[in-house]
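Engineer: Before I ask anything, here is the structure I am working with.
Laboratory data are not the source of any read-out in this text; all were calculated from the coordinates shown. Quantities reported herein were computed from a predicted structural model and do not represent experimental measurements. We place every Cβ from the backbone using ideal geometry, glycine too, and count neighbours over all the protein chains shown.
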């Protein structure tokens, strides 16, 4: 990315990002490096090219995105530092992998693996308290229904809070251990 500028704008929602990216690519000679979900509905669009082209592209992308949605933030970095190459290459690589699968560049969403009830019921003895606390309440309820000898009734499990479920599951495990 020597002598290249990096531009980015972040929208709330995919439609605004798509509209903005389309306008940005049509308005100047820039490359679309990637489009990624950031989280909480935010979508980030990365562009590269010479400084003036990237400035024009980001401005027109933001204008177009604001017509259909909300632009959260935008920036243009005239000369990128050496450390940014890794971030940009990572975003570009993700976009290429997605494009190879579906035939076009798509938005990537990072998935974080969380323990589920099915995976943990067999390994109840190996579950730590921190793993239980990272599980969703619905997964904890599923797990509690599958734990043999749990002190909670099925109707109570349906409306139990997270801390109640964790206490019941851990106390059941401690009884089995003794």
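Engineer: Could you tell me which of rounded, prolate or oblate describes segment 1-86, using a ≥ b ≥ c as the square roots of the eigenvalues of the alpha-carbon gyration tensor, with rounded for a/c under 1.5 and, failing that, prolate when a/b is larger than b/c and oblate otherwise?
Structural biologist: Since a/c reaches 1.5 but b/c is at least a/b, the shape of segment 1-86 is classed as oblate.
Engineer: Ranking 140, 32 by Cβ neighbours within 10 Å, fewest first, what do you get?
Structural biologist: Fewest-to-most ranking of 140, 32: 32, 140.
Engineer: Then there's this: Using a Förster distance of 25 angstrom, determine the FRET efficiency expected from the C-beta separation of residue 66 and residue 134, and round it to 0.05.
Structural biologist: The formula returns an efficiency of 0.10 here.
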